[in-house]
Amino acid sequence: MASSLHKLSVVEAQNAALGQAGAIFEDGTTAISSKKIVAIQFLEDSTFTTLTPGSSDFIGTASGSGDAIDTSNTFPQGMTIFGQWTAFTLASGTVIAYEGSF
């Protein structure tokens, strides 16, 4: 687990859980960058060309925790992943990316 987790108040945590920091709907291959994404919900089976972790403590296509994600890794419809990412590009699928702070 990340050693420097940002501590949120109860209200901040509830707002973040409800997507109040913003959300991005993506159903194409447009590069999304310069964001602080804390959760990704998969509306269709999806794969990534790029998934950039916020630090080496998180999964992604760049150096990160565990094996690197590539286009052979499919995230199934209905799954939500939580972490810290600054950018992504879908290879296929549809997602909602929820913004937060880290």
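The values are calculated or read from the model by the stated rules, or taken from the named source; none is laboratory data. For clarity, every value in this text was computed on a predicted model and none was experimentally measured. Cβ atoms come from the backbone with ideal geometry, glycine included; neighbour counts cover every protein chain shown.
Annotation: F88 fulfils all but one of (1) among the aromatic types (F, W, Y); (2) over 10 Å from the mean Cα position of the chain (by Cα); (3) surrounded by 14 or more Cβ atoms within 10 Å (Cβ to Cβ); the unmet one is (2).
Among residues of the range 29-49 that are on the phi > 0 side of the Ramachandran plot, those with a Cβ under 9 angstrom from a residue that is part of a strand (DSSP E or B), sequence gap 6+ or separate chain, pair up as S34/T86; S34/A87.
Taken over the range 1-43, residues that are of a type in the set (S, T, Y) and either under 21 Å from G78 (Cβ atoms) or at pLDDT below 70 (or both) amount to 2.
Among the listed residues P76, P53, which satisfies the condition of being touching a strand residue (DSSP E or B) at 6+ places or on another chain (Cβ under 7 Å) and either at pLDDT below 90 or surrounded by fewer than 16 Cβ atoms within 10 Å (Cβ to Cβ) (or both)?
Working: P53 fails: either at pLDDT below 90 or surrounded by fewer than 16 Cβ atoms within 10 Å (Cβ to Cβ) (or both).
So the residue among P76, P53 that is touching a strand residue (DSSP E or B) at 6+ places or on another chain (Cβ under 7 Å) and either at pLDDT below 90 or surrounded by fewer than 16 Cβ atoms within 10 Å (Cβ to Cβ) (or both) is P76.
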